[in-house]
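A short worksheet on the structure shown next.
Each value in this text was obtained by applying a stated rule to the coordinates, not by laboratory testing. What you see is a predicted model; the values in this text were computed from it and never measured. Positions of Cβ are generated from backbone atoms using ideal geometry, with glycine treated the same way; all protein chains shown enter the neighbour counts.
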Amino acid sequence: MQMVKYLRLMFCVGVLALPFVCTAAEGIQVVANASVQVKELPVASLRAIFSMRVRNWPNGDPVRVFVLPDRHDLHTSFSKKILRIYPYVLRDTWDRMVFTGTGQAPIEVANADELMQLVAETPGAIGYVNKEIPSNETIRILQIR
Amino acid sequence: MKLSEFCKYASAALAMKLLMAFVIGTSAAASDELKSYQIHGFASQGYILTDENNFYGDSEDGGSFDYYELGLNAFWQVADTLSASGQLLVRDAGETDDGKLRVDYLFLDKRFINMDAATAGVRVGRVKNPLGFYNESRDVIFTRPSILLPQSIYLEGIGVREILFSSDGVQLYSDWDHGRHHTAFKVNFARTDDVSDQTRRNFFGGTGGSGGGSFPGFSLDQMKISDLFFTQVMDEVDGGRMRFAISYLTAILKADFTSPQLPAPLTVSVDSNIYTLSAQYNAERWSLTSEYSLTTTKFGFGGSESRLRSDGMYLQGEYRMTPVWTGLLRYDMAFSNRNDRANSDARDITAGLSWSPNPSWVVMGEYHYIHGDNGDSSLPNPDNPGGASNRTNLLAVMVGYRF
């Protein structure tokens, strides 16, 4: 009996803690330029954006996608945990577009600070960061559903 | 406006744009105007060593470097729903390709539906033809799994690559998201066209007007490709975890031969339909790919007619040991006569290794054991004018760079 109670307690604590653990472990947020009017996005739309299939935001502004190099830890985590697409599959999708003239590759930047700065400066920009930051006058944190 | 005129205007516009970009320089690259275009390119050099038969040049004797690919492309987002793109290509592959500069694709793309969950539009100009997973970008080492593609689906031997790759015409396309799926549909209509001297040589050995190659005493008067039509539906599940595709193409190739002994030109026609099924599973470390293709061909020779059904398939596994190293194993088999598989098979066992120290560079190496009763059909005819044997050991190495 004691054991069952203990297990039940463990389970409850586990379930309650799960959301916090996930947020803390990933700590990845999708960030857009403040000009982007969207506040939240379904995962499917985020996938479409990072697969370079979406050219315009709902208000018509061009979408500018910023990413880190394929083998950068943050890019790998973002691809796998948020988009749930392996980085090599994403690269394959971009390459097919680039070498068949049907689309563009995202803009690749060297490090996370530079990415953050470009997203803040570029209207219509979208990218990702690995820290908890609030929206401010230059950037907007997008909630992913 | 005629298509050739359109191409001229489009290329002039694209060239102007590129020139402008270079003149203005990279310092202004942050402006919105300049971000609306991208330029990319690739270069790869191959080395092939074989025993018994030649593959892309004189590969039997110390190996051949007569195999390279160079490409430069530009994409310009003219307006929200209008883009222009083009790619110049130079490719040399033994006797089957000549290293001449050609326009791989050059088209205008107009989108009628431009939403985040669905698009539809039309591409006009020289468009890429969809066939299986790899056809549209098969000259780019970075978008194919191995140096040489499986011959059951991606024919090289009979020299029809020009017909398969891109066509002057129109492509209608659409793609849409629904639940876990992303589905893309394409259909290409190509105009009737004379085939190039290279394809004539690959097919019949001789050039137009002079000797008929495999038909001695005849001369090849004209050779046209008509009724060329491609279509493909591709479904991706869970962002590309699984991919499935059905492709179909049909084409009629007609050649007129003349001879002093004949009162009228003799017409040889090849009417082909190709159906291709493709499936792929992509896990984190490994990918499994398989494609099957069925070809039905109707040959017309003067007044007589004959039919042939051929098919083939391959099974391919890739394993990403580290982000830098990838291994590949593949079994490929093609049957030139489906009703007599035992005597018409061509098989290729491939083992490959790829090393990519960074995403811009790749070095690939692979070994092929090509055999079967019809093993010579996998080899490029023009490289073996004296005929080929059924068994070939082939080693290929290729270095590729892209930006």
**Report entry** Virtual spin-label span in nm between B:T183 and B:Y331, 7 Å along Cα→Cβ
**Finding:** 3.3
Requested in this report: Quick one: P(r) of segment A:46-145 from all Cα-Cα pairs, 5 Å bins, percents rounded to integers, in order of increasing distance.
Outcome: 2, 12, 23, 27, 22, 10, 3, 1
Report summary line: Net charge near B:D271 (other residues with Cβ under 15 Å of its Cβ; Lys, Arg +1; Asp, Glu -1) is +3
Report summary line: Taking a crude spin-label model, label points 7 Å out from Cα along the C-beta direction, the B:A279 to A:T76 distance in nm is 3.1
**Report entry** Cβ-derived FRET efficiency at R0 41 Å, B:K100 paired with B:A264, nearest 0.05
**Finding:** 0.75
Report summary line: Taking R0 as 56 Å and r as the Cβ-Cβ distance between A:V43 and B:R191, the FRET efficiency 1/(1 + (r/R0)^6), rounded to the nearest 0.05, comes to 0.85
Requested in this report: For segment B:272-361, just say rounded, prolate or oblate: build the C-alpha gyration tensor, square-root its eigenvalues into a ≥ b ≥ c, call rounded for a/c under 1.5, and beyond that prolate if a/b exceeds b/c, oblate if not.
Outcome: prolate
Report task. Treat each spin label as a single point 7 Å out from the Cα along the C-beta direction, and report the B:L353 to B:L49 distance in nm. Result -> 1.4
Requested in this report: First select every other residue whose beta carbon is under 12 angstrom from the beta carbon of B:V170; then total the charges, Lys and Arg +1, Asp and Glu -1.
Outcome: +3
Query - Using a Förster distance of 51 Å, the FRET efficiency for B:L308-B:K110 (Cβ separation, nearest 0.05) - result: 0.80
Report task. Choose one of B:G352, B:V270, B:L395: the residue whose Cα lies farthest towards the positive end of the charge dipole of segment B:248-403 (beta-carbon charges +1 Lys, Arg; -1 Asp, Glu; about the Cα centre). Result -> B:G352
Query - Normalised alpha carbon radius of gyration of segment B:60-187 [divisor 2.2 N^0.38 Å] - result: 1.21
Query raised in the report: Per the Cauchy relation, a quarter of the hull surface: what is the mean projected area of the convex hull of the alpha carbons in segment B:132-176, in nm²?
Result: 4.3
**Report entry** Expected-Rg normalisation [2.2 N^0.38 Å, Cα atoms] applied to chain B
**Finding:** 1.02
Requested in this report: Averaging sequence separations of C-alpha pairs under 8 Å and six or more residues apart, then dividing by the length of chain B, give the relative contact order as a whole percent.
Outcome: 14
Query raised in the report: When the C-alpha atoms of segment B:39-104 are aligned to their principal axes, what extent does each axis show, in angstrom, from largest down?
Result: 55, 16, 14
Query raised in the report: Exposure proxy check: B:T267, B:T295, B:T350 ranked by fewest other beta carbons within 10 Å?
Result: B:T267, B:T295, B:T350
**Report entry** Compactness of segment B:321-389, expressed as Rg and Dmax over alpha-carbon positions, Å
**Finding:** 16.1, 47
**Report entry** GNM result for chain B, Cα springs below 10 Å: residue of B:L262, B:L308, B:L49 fluctuating most strongly
**Finding:** B:L262
Report task. Report the extension gain between B:N339 and B:A117 in nm, rounded to one decimal, defined as 0.36 nm multiplied by the number of residues separating them, less their alpha carbon distance. Result -> 75.4 nm
